[in-house]
Amino acid sequence: MGKSYIKRHVVMLLSALLLCGTGTASAEDELDCLLCHKYRGLSRIDENGKFRLFYINEVIFKEGPHVRIKCADCHQDIKKIPHDPAKKVECTTECHLIEPSGQKNFSHKPVADLLAKSVHGKLDAEGKPKKDQQDYPGCKDCHEEPLYRPLSFFKGKSSGVSERGLARCQTCHRTGDFAESFYKHVTSRLRKMRDPKEIVGICAKCHGDKEFQQRHKLDDVVTSYKETYHYKALLFGSQETPDCTDCHVVKGEGVHFIESKKSPTAASNKKNIPTTCRTSECHEKAGEKLAGYQVHVTYDKDKYPLQHYMLVFFTWLTAGVLYFFLTLIFLELLRRLFPHYSFVKSPDDDRHSAG
């Protein structure tokens, strides 16, 4: 009995020391959530039979936009440790951070409002739910993880934290790590946070799905984009090549407000295409006739009959020329193998055989 009592208390003491001595949790991790969530294998199968991964990459989290947010700011239903299954996070919830321009608690609600008004919103113009609600994206469908890419403006070097730029901030902002965190926050939003190829991949998750295209009567825009020069340059590592958001977002608007090409104010509307392509980053001297160029043309017989029949014509033309020359090559090969053979015998050949 005495040994069991001592053993139990030794285990409790070691556990307490382990809990107190952990140094992995960040300053914002009041509940020491990373004590468990730092393990890569932390997962379970939920009530619907889906695999749920609960691992938090601490390095990505500390470099991401949510580093100054407490876990409980988003997971407000968690009040104890160990906790019950957490509810789905509502991204429009007010954070405990003060938004500098308005001196109010920060919230993503303005972004959600823009998304709701866009072509990706789940409600139509009359406020009624659109058909196939599961096809319209939420926050986490595009923001899978807080990717981060800081900037360097000095001497044209590639992206990375500029020590000289950060030093300027630290001249005045000396308390804590405010200068560094603020620098990273601002510079990460002066440039795309995602690689162009990744943006294409995110959009392709939906727009590359054949069943999705059929449900919404959409063209295969992913395949048609990949046939363009823009995508070819992107494959060779160009960071200046336009991706989906460059052409489908009106200059001055956020990427969350993408309109249908039928909308008169849409960046992809035929009347607005020259303006969209004429930005300082792209074709600055583009003419009005550029609007006639159809980027996402497919070879659908009903939608694009001219392109369809041109494809059929050139397919047969190419095949005809190819097989014509293959036939000539085959006949030439036969002549070389059988130089004296003839399909039709002449009278001279008969006399020669008789003699």
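Computed quantities for the displayed model
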item	result
Filtered residue count, the range 62-97, keeping only those that are out of contact with any helix residue (DSSP H, G or I) (no Cβ under 7 Å at 6 or more places or on another chain), part of a loop (DSSP other than H, G, I, E, B) and under 17 Å from H143 (Cα atoms)	5
Among the candidates V59, V119, V111, residue that is loosely packed, with under 10 Cβ neighbours inside 10 Å and either assigned to a loop (DSSP other than H, G, I, E, B) or out of contact with any Asp or Glu (no Cβ under 8 Å at 6 or more places or on another chain) (or both)	V59
Tabulated pairs, the range 99-125, first within 20 Å of F212 (Cα to Cα), second basic (K, R), C-beta under 7 angstrom, 6+ apart or interchain	K122/K130; L123/K130; D124/K130
Conditions (1) touching an Asp or Glu at 6+ places or on another chain (Cβ under 6 Å); (2) not in a helix (DSSP H, G or I): number failed by P274	(2)
Search result, residues across the range 287-343 that are in contact with a helix residue (DSSP H, G or I) (Cβ under 8 Å, 6 or more places away or on another chain) and among the aliphatic types (A, V, I, L, M)	L290, A291, V295, V297
Residue list for the range 225-262, filter: touching a residue at least 60 places away in the same chain (Cβ under 8 Å), over 17 Å from the mean Cα position of the chain (by Cα) and more than 14 Å from L114 (Cβ to Cβ)	T228, S260
Filter pass, G23 being small (G, A, S) and modelled with pLDDT of 85 or more	no
Contacts under 9 angstrom Cβ, first residue in the range 303-329 being within 23 Å of K217 (Cα to Cα), partner surrounded by 10 or more Cβ atoms within 10 Å (Cβ to Cβ) and of a type in the set (S, T, N, Q), 6 or more apart	Y304/Q294; Y304/T298; Q307/Q294; Q307/T298; H308/T298
Hits in the range 277-296 - residues which are modelled with pLDDT under 85, part of a loop (DSSP other than H, G, I, E, B) and under 26 Å from L218 (Cα atoms)	Y293, Q294, V295
Selection from the range 76-89 of residues that are out of contact with any Lys or Arg (no Cβ under 8 Å at 6 or more places or on another chain) and surrounded by 12 or more Cβ atoms within 10 Å (Cβ to Cβ)	Q76, I78, H83, A86, V89
Where a residue in the range 150-178 is over 21 Å from G64 (Cβ atoms) and surrounded by 10 or more Cβ atoms within 10 Å (Cβ to Cβ) and its partner, wherever it lies, is modelled with pLDDT under 70 and not small (G, A, S), with Cβ under 7 Å and at least six apart	R164/F154
Lone unmet requirement of (1) without any contact (Cβ under 8 Å) to a residue 12 or more places away in the chain; (2) exposed (fewer than 13 other Cβ atoms within 10 Å of the Cβ) for H96	(1)
Residue within the range 205-223 that is aromatic (F, W, Y), crowded, with 19+ Cβ neighbours inside 10 Å and under 22 Å from Y136 (Cβ atoms) present	no
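The values are calculated or read from the model by the stated rules, or taken from the named source; none is laboratory data. Predicted model, so just to flag it, every value in this text is computed and none were measured. Methodologically, a virtual Cβ is constructed for each residue, glycine included, from the backbone with ideal geometry; neighbour enumeration extends over all protein chains shown.
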